[in-house]
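Report on the following structure.
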Amino acid sequence: MRKTILVLFGGCSSEHGVSLQSAQAVLEHLDRDRYQPLMAGITKTGQWLCYRGPVSAIGDGSWERDRAVLTPCALAPDRDRHQLLLLGERIGRISFDAAFPILHGKNGEDGTVQGLLELAGVPVVGCGTLSSALCMDKHRAHLLARLAGVDVPRGAVFDQGASPQALEAAGLGLGYPLFVKPVRAGSSFGITRIARPEQLAAAAQAAFFHDREILLEEAVPGFEVGCAVMGSPDEGELTAGLVDEIQLSGGFFDFEEKYTLKTSAIHCPARIAPEKAAEVQEAAKRVYRALDCRVFARVDFFLTPEGRVVFNEANTIPGFTAHSRYPAMMKGIGLDFPALLDRLVELGAGA
């Protein structure tokens with residue numbers, strides 16, 4: 001019998017549109033002989049809608065326009081049966097076996113939805129509540145990675161009550177250029193690279209718009225590399241994909257560059273020695289375990305001119321179009337997109 005997988009997409013996040021594109025790609029490549037998708041979109045205002053229309057309408061956001069294929073819904077809290085409650089005129093229940101949240105950023109990748117699913121006893125295709133929250137929190141993720149023996153950038157954390165003098169002193173201590181980041185935000189939202197002290201106040205204000213805590217972080221020389229990791233540490237050996245490399249012509253890998261590649265390029269495999277790639281893969285597995293990740297995550301690093309591998313961040317729900325970095329890394333070790341999705345659902349749903 002086919003398992004029914006609740007696929008959640010959209011969400012109350014600045015990355016709502018990216019989630020739609022990822023979800024459409026996943027639904028188009030999910031093996032329908034093995035899995036029956038149950039689609040539920042979350043609007044930007046937080047409404048849950050059971051969607052029965054064509055998958056092709058999800059990516060561009062037009063799925064919300066046809067009310068005939070939409071039914072307000074909610075997750076049933078019963079732990080003994082996994083069901084989506086249909087509300088409004090079509091009252092009813094639809095049973096499912098596991099949930100696959102394809103939600104990027106806040107209110108989806110930060111442990112909130114994962115906590116709701118775990119409260120209802122629903123198996124999750126992806127990281128759980130704790131690891132999702134930790135990976136979204138750049139400061140605390142760095143603390144745990146350091147304890148696991150992985151290098152991290154130097155930085156300082158401040159809340160909204162911090163004085164301008166304290167920020168200025170930290171900036172001088174770290175040295176310029178440096179990055180000002182929200183502690184908890186996805187896809188580089190609110191991040192500014194500054195070269196002079198007089199830019200600090202405006203950068204801090206931009207970061208505080210996205211979170212109540214901000215991080216001042218040294219600019220690590222070199223370039224970014226990433227590694228896809230798959231598996232559950234308590235169930236066997238982890239699988240690492242190829243290491244990729246981000247080539248920048250200037251600036252940093254912000255939201256626009258991540259999804260347009262106007263002035264940057266991604267090389268997979270990375271143009272580094274095999275021994276260094278293996279070091280990145282091992283560091284990625286170490287961080288993955290330290291942050292309690294399971295099923296899948298992408299772990300990103302800086303590679304310095306001296307060859308230091310420095311942890312940047314872990315993404316628990318990375319981009320999931322067929323051409324995104326995570327699927328590309330896994331394709332490099334022989335897992336095409338449909339096969340990758342099969343494996344992920346097997347890991348999360350116990351298929």
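Taking 8 Å as the Cα distance limit and 6 or more residues as the minimum spacing, I'd like the relative contact order of region 122-247 as a percentage.
23
To the nearest 0.05, what FRET efficiency results for Glu282 and Asp336 with a Förster distance of 25 Å applied to their C-beta separation?
My answer for the efficiency is 0.50.
Can you give the accessible area per residue of the chain, in Å², using a 1.4 Å probe?
42
Between Ala265 and Gln47, what length comes free when the chain is fully extended (0.36 nm per residue of separation minus the Cα-Cα distance, one decimal in nm)?
The Ala265-Gln47 span can extend by a further 74.8 nm.
Filter the cross-link list Lys3/Lys331; Lys44/Lys285; Lys106/Lys276 down to pairs whose alpha-carbon distance in this structure exceeds 28 Å. Numbers along the way, then the final one.
Details: Lys3/Lys331 25 Å; Lys44/Lys285 34 Å; Lys106/Lys276 33 Å.
Beyond 28 Å: Lys44/Lys285; Lys106/Lys276.
State the percentage of accessible surface on the chain attributable to carbon and sulfur atoms; use a 1.4 Å probe and exclude ligands, DNA and RNA. Could you put the intermediate results ahead of the total?
Values: 7660 of 14870 Å².
The nonpolar share, carbon plus sulfur, comes to 52 percent.
Just to make sure I understand: if all protein chains stay in place, what is the order of Cys12, Cys227 by accessible area at 1.4 Å, largest first?
Highest to lowest solvent-accessible surface, that is Cys12, Cys227.
Under 10 Å, Cα contacts only: if you run a Gaussian network model on the chain, which one of Glu15, Glu235, Glu213 comes out with the highest mean-square fluctuation?
It is Glu235.
Give, in nm to one decimal, the length gained when the segment between Glu198 and Gln247 is fully stretched (0.36 nm per residue of separation minus the Cα-Cα distance).
Values: separation 49, 0.36 × 49 = 17.64 nm, distance 2.88 nm.
Between Glu198 and Gln247, full extension yields an extra 14.8 nm.
Let's test the formula: R0 of 51 Å, r as the Cβ-Cβ distance of Asp31 and Tyr176. What FRET efficiency results, to the nearest 0.05?
0.50
Which whole-number percent gives the relative contact order of the chain, counting Cα pairs below 8 Å spaced six or more residues apart?
With pairs under 8 Å counted, the relative contact order is 18 percent.
Of the options Val122, Phe209, Gly226, report the single residue whose Cα projects farthest towards the positive end of the charge dipole of the chain (beta-carbon charges: Lys, Arg +1; Asp, Glu -1).
Of the listed residues, the answer is Val122.
Give me D for region 290-329 in µm² s⁻¹, whole number, from Stokes-Einstein with Rh from the Kirkwood sum over alpha-carbon pairs, 37 °C and 0.692 mPa s.
After rounding, the answer is 284 µm²/s.
Select from Gly173, Gly332, Gly108 the residue whose mean-square fluctuation is largest in a Gaussian network model of the chain (Cα-Cα springs shorter than 10 Å).
Gly173
Placing one identical point scatterer on every Cα of region 4-126 and ignoring solvent, what is log10 I(q)/I(0) from the Debye formula at q = 0.20, 0.21 Å⁻¹?
Scattering profile of region 4-126, log10 relative to I(0): -1.17, -1.30.
If you stretched the chain out fully between Ala273 and Thr304, how much longer would it get, using 0.36 nm times the residue separation minus the C-alpha to C-alpha distance?
Here the segment from Ala273 to Thr304 would lengthen by 9.8 nm.
What nm value, rounded to one decimal, do you get for the distance between Arg93 and Arg289 when each label is placed 7 Å out toward the C-beta?
4.1
In what sequence, largest accessible area first, do Trp63, Trp48 appear using a 1.4 Å probe?
Largest to smallest exposure gives the sequence Trp48, Trp63.
Nearest 500 deg cm²/dmol is fine: what mean residue ellipticity at 222 nm does the chain get from its DSSP H runs of n ≥ 4 alone, each adding -39,500 (n - 2.57), divided by its residue count?
-8500 deg cm²/dmol
Distance between the C-alpha centers of region 63-82 and region 125-161? Whole Å please.
33
With springs connecting C-alpha atoms under 10 Å apart, model the chain as a Gaussian network and identify which of Glu237, Glu282, Glu313 has the largest mean-square fluctuation.
Between Glu237, Glu282, Glu313, it is Glu237 that shows the largest mean-square fluctuation.
Over the Cα atoms of region 157-224, what is the Rg over Rh ratio if Rh follows Kirkwood?
Using only Cα positions, Rg/Rh for region 157-224 is 0.94.
Which value results for Rg/Rh of the chain when Rg is the Cα radius of gyration and Rh the Kirkwood radius based on the inverse mean 1/r?
0.98
With +1 on each Lys and Arg Cβ and -1 on each Asp and Glu Cβ, how big is the dipole of region 1-151 about its Cα centre, in debye rounded to the nearest 20?
Details: 16 positive and 16 negative charges, 46 e Å.
The calculation lands at about 220 debye.
Taking the full set of protein chains and a 1.4 angstrom probe, give the accessible area of Lys44 in square angstrom, rounded to the nearest 10.
The value for Lys44 is about 140 Å².
The values are calculated or read from the model by the stated rules, or taken from the named source; none is laboratory data. Source: prediction; values computed, not measured. Virtual Cβ from ideal backbone geometry, glycine too; neighbours counted across all protein chains shown. Areas reflect the complete protein model, heavy atoms only, side chains present, ligands, DNA and RNA absent. Shrake-Rupley method; radii C 1.70, N 1.55, O 1.52, S 1.80 Å.
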